[in-house]
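Note sheet for the following structure.
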Amino acid sequence: MEFDIYKLLRPNIQNLSPYSSARDEFYGDEGIFLDANENPFPSDFNRYPDPFQRKLKEALAPVKGVRPSEIILGNGSDEILDLIFRSFCIPGKDSVVTIKPSYGMYRVLADLNDLNLIEVALNTEFQIDASSVLKAAEEAKLIILCSPNNPTGNELDRNEIHKILQNFNGIVVIDEAYSDFSDISSAIELLDDYPNLIISQTLSKAYGLAGIRIGIGISSEEIIRVLNTVKPPYNVNAGSQRVALERLKNTETVHKEIIQIKMERSRLFTYLQTNENIIKVYPTEANFILFKVNDANIWYKYLVEKGIVIRNRTNNFGCTNCLRITVGTNEENNRFMEIVDEMKNNPVFQNSIAK
Ligand code: PMP
């Protein structure tokens with residue numbers, strides 16, 4: 001497919017001159033810095049951070065198998081998504097296509113940017129149909145897909161994703177916030193074939209750094225260059241860059257934790273599947289499990305009273321009476337199972353549908 005990023009950009013972004021910060025005009029560690037109106041008395045944080053997070057990107061690039069110039073970092077992946085919406089979609093005019101059920105932030109970003117959001121329903125197994133997405137996207141600028149999907153947990157069919165990428169002339173975002181937990185490889189491997197693809201990932205989940213807010217956008221150098229002109233100058237603070245760099249020095253620990261979470265996930269999955277009060281447990285490649293009960297509101301309230309907070313997803317499309325549980329530590333999951341075991345003989349929780 002022919003792809004011209006400049007035609008896709010909002011006209012005001014095509015010629016945008018980014019703000020030029022002191023650290024854009026001189027980058028280096030050596031010197032007497034009297035250029036940024038900082039407080040000169042040394043402390044951990046008296047200096048502005050590197051606006052392009054060079055050291056962090058250099059550490060991250062080999063982990064992701066891309067070049068540092070193919071990465072943009074943001075204040076959480078929510079900021080990466082926001083930058084994409086604001087760079088490509090004209091408020092009051094453009095439309096964006098996504099799937100339902102999926103991550104609620106896509107609706108908020110569309111509403112914030114006054115965009116028409118078209119949500120294409122997944123089937124009862126929460127799978128995607130490329131032709132329905134493409135049909136809905138005939139006039140759209142952006143398609144945003146989430147895989148593994150939140151709140152369902154499953155990976156979207158890679159063949160259908162290929163069909164969408166091959167036949168859509170706008171931007172396709174694949175939100176891979178949970179891909180570190182998946183047995184299916186990241187769609188990063190598709191970037192060479194599709195210049196209109198942007199992958200969004202995060203350090204909030206598998207890397208255990210939700211509190212420092214670092215999101216990762218990966219795409220062609222051309223797209224990354226544009227997103228860099230739109231982002232706020234110092235969008236990732238110095239403390240966050242430092243903590244993330246430390247964590248990346250120790251990817252072995254991260255991998256060990258991922259293995260443990262996946263083991264706990266399968267233990268929890270088997271438990272839920274064998275519990276007769278549970279109607280259905282949905283396959284997952286994420287660090288959470290969606291399951292269906294006879295009355296999600298009653299389950300939710302009961303669990304909260306017992307000190308266990310999970311997510312009630314009953315109001316999401318196709319998720320009536322579904323609950324979403326994040327995989328916790330061994331002890332946390334045991335406590336959850338103990339409480340659910342106690343509910344077994346209580347008729348309020350019993351499954352009225354034969355398994
Ligand atoms: N995408 C998905 C699918 C998510 O579930 C979340 C967090 N709940 C995010 C993006 C945002 O993650 P963060 O901003 O912490 O990187």
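The values are calculated or read from the model by the stated rules, or taken from the named source; none is laboratory data. Treat the numbers as computed from the prediction; the structure is a model and nothing was measured. Cβ placement follows ideal geometry from the backbone for every residue including glycine, while neighbour counts extend to all protein chains displayed. Protein only, heavy atoms only, side chains kept; ligands, DNA and RNA dropped before computing areas. Shrake-Rupley method; radii C 1.70, N 1.55, O 1.52, S 1.80 Å.
What to note about this one:
- Checked against (1) closer than 18 Å to Glu332 by Cβ; (2) within 16 Å of the ligand (Cβ to nearest atom), Ile258 passes all but condition (2).
- Subset of the range 1-16 that is touching a residue at least 60 places away in the same chain (Cβ under 8 Å) and part of a loop (DSSP other than H, G, I, E, B) - its residue that is least open to solvent (accessible area, probe 1.4 Å): Leu9
- Qualifying residue in the range 198-208 (condition: within 15 Å of the ligand (Cβ to nearest atom), at positive phi, out of contact with any Pro (no Cβ under 6 Å at 6 or more places or on another chain) and open to solvent by 30 Å² or more (accessible area, probe 1.4 Å)): yes
- Restricting attention to the range 118-129 and to residues that are touching a residue at least 60 places away in the same chain (Cβ under 8 Å) and of a type outside the set (Val, Ile, Thr), the residue that is surrounded by the fewest Cβ atoms within 10 Å (Cβ to Cβ) turns out to be Ala121.
- Test result for Ser69, open to solvent by 10 Å² or more (accessible area, probe 1.4 Å), closer than 20 Å to Arg242 by Cα, touching a residue at least 40 places away in the same chain (Cβ under 8 Å) and among the polar types (S, T, N, Q): yes
- Of the residues making up the range 130-148, those that are surrounded by 17 or more Cβ atoms within 10 Å (Cβ to Cβ) and not hydrophobic (A, V, I, L, M, F, W, C) number 3.
- Filtering the range 162-183 to residues that are charged (D, E, K, R) and more than 15 Å from the ligand (Cβ to nearest atom) leaves Lys163, Asp183.
- Answer residue from the range 242-251, given it is within 15 Å of the ligand (Cβ to nearest atom) and more than 21 Å from Asp175 (Cβ to Cβ) and is least open to solvent (accessible area, probe 1.4 Å) among those: Arg247
- Filtered residue count, the range 85-102, keeping only those that are surrounded by fewer than 21 Cβ atoms within 10 Å (Cβ to Cβ) and either in a helix (DSSP H, G or I) or within 14 Å of the ligand (Cβ to nearest atom) (or both): 2
- For the range 49-75, the set of residues classified as out of contact with any Leu (no Cβ under 8 Å at 6 or more places or on another chain), within 16 Å of the ligand (Cβ to nearest atom) and outside any helix (DSSP H, G or I) consists of Asn75 only.
- In the range 313-339, the residues that are open to solvent by 20 Å² or more (accessible area, probe 1.4 Å) form Cβ pairs under 7 Å with partners that are among the acidic types (Asp, Glu) and at pLDDT 95 or above, at six or more places apart or across chains, as follows: Asn321/Asp295; Asn330/Glu264.
- Qualifying residue in the range 210-218 (condition: crowded, with 17+ Cβ neighbours inside 10 Å and more than 15 Å from the ligand (Cβ to nearest atom)): no
- Thr229, sole failed condition from (1) more than 11 Å from the ligand (Cβ to nearest atom); (2) surrounded by fewer than 21 Cβ atoms within 10 Å (Cβ to Cβ); (3) within 23 Å of Thr251 (Cβ to Cβ); (4) in contact (Cβ under 8 Å) with a residue 40 or more places away in the chain: (3)
- Verdict on Lys280 being in contact with a strand residue (DSSP E or B) (Cβ under 8 Å, 6 or more places away or on another chain) and open to solvent by less than 20 Å² (accessible area, probe 1.4 Å): no
- Restricting the first member to the range 91-117 and to residues that are within 18 Å of Leu9 (Cβ to Cβ) and modelled with pLDDT of 95 or more, and the second to residues that are assigned to a strand (DSSP E or B) and within 13 Å of the ligand (Cβ to nearest atom), the beta-carbon pairs closer than 8 Å and six or more apart or on different chains are Val96/Ile144.
- Only a single criterion out of (1) surrounded by fewer than 21 Cβ atoms within 10 Å (Cβ to Cβ); (2) touching a helix residue (DSSP H, G or I) at 6+ places or on another chain (Cβ under 8 Å); (3) over 30 Å from Ser20 (Cβ atoms) is not satisfied by Glu176, namely (1).
- The single residue among Asp82, Asp78, Asp29, Asp114 that is open to solvent by 30 Å² or more (accessible area, probe 1.4 Å), more than 16 Å from the ligand (Cβ to nearest atom) and closer than 19 Å to Asn237 by Cα turns out to be Asp29.
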